[in-house]
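**Student:** Okay, handing you the structure first.
Read-outs: derived from the displayed coordinates by stated rules, not from any lab. Just so it is clear, the model here is predicted, and its values are computed rather than measured. Because the Cβ atoms are built from the backbone with ideal geometry, glycine has one as well, and the counts that use them run over all protein chains shown.
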Amino acid sequence: MGQMATTVISPNSIYRMGSAMKQTDDEDLVYKGPWVRSAQQRLFQTLENDYGFPKATCRSLVNLIWDFLNEIYSEKLHEGQITFHAASASESPGKSVKELTTVPVHLTLHDRNDLQILSTGGISGLRRQKIFRLASEARDQNGLLTQEDLAVLLCSSRRTIRRDIKALKEININVPTRGTIQDIGPGVSHKTKIVKMWLDGYEYTDIERRTGHSGTSVQRYLSGFSKVVRFHLRDYSSQEVRELTDMSERLVKEYLTLYEEYKVKPETKARFEQILSADSGMKKNHVQLKQKGEGVS
């Protein structure tokens, strides 16, 4: 089988596959509970009810605070995420489960955009969206989920997961599980594709709509890309950048390749200045490589 690059899934592809296809306004969503209880919405309500700020001001303040927290704690778990141990992507096929080396990965079990997908695409549409998202997130962190992993995470049977993966493949969406990764080939991570979209001029709302990833996730990917480029511009080696950012060698290579491709384009100059303008203070003589068991702030 020929190699196919992993595709960033679009919500529109998922919508067509669900059983409930009726379009619904946000105000009519049945499944609003998780969003109403989210930290962002509770902060919004506090600013509006306790301080009397207009809605537009509340929205701006929530976004500002969340961007700040994301920049400071970008390596931490975010709301809706869990830590899961997946098989290392470097493990060769044929090993039993007990013999596999595992790596911890952060997986997004719930994202705000899931509510819209559930309302328009039904349970099957949402499950397929999550299958692709979880498998892609694991792969980007040098891990590979199995069909059994996905069945456990999504409270489904392996048979259902296998059927959904097959259905996604029929519309050219390849799910990077441990069992299918050799057929799919290396591809490009969804993080790199999203950063590329932003460099191409897409705004956050456009990227959210086209990829199904939240604005918080987009900000996190851009922050990671910025860190890689900043260290690179300070003459760190790829290995040093990998250790300082705690990213996989593959993702660092993708980000640096993307930087080399776009740095010569006049139309992306403003966007590069935007994400690289902050003074990170990352001087080579003042930053030590991460020691065992320590992180980099």
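**Student:** Which entries of K55/K130; K193/K269; K55/K191; K193/K227; K166/K193; K98/K253 have Cα-Cα distances beyond 28 Å here?
**Tutor:** Details: K55/K130 31 Å; K193/K269 18 Å; K55/K191 31 Å; K193/K227 17 Å; K166/K193 23 Å; K98/K253 31 Å.
Check vs 28 Å cut-off fails for K55/K130; K55/K191; K98/K253.
**Student:** Sticking with this one: Would you mind counting up the charge near N142? Only other residues with Cβ under 12 Å from its Cβ, with Lys and Arg at +1 and Asp and Glu at -1. Intermediate results must be reported in sequence, preceding the final value.
**Tutor:** Details: positive: R139, R242, R250; negative: E91, E137, D140, D246, E249.
Value of the local net charge: -2.
**Student:** Right, something else. How large, in Å, is the range 61-170 by the Kirkwood hydrodynamic radius built from its alpha-carbon pairs?
**Tutor:** Roughly 15.4 Å, rounded to one decimal.
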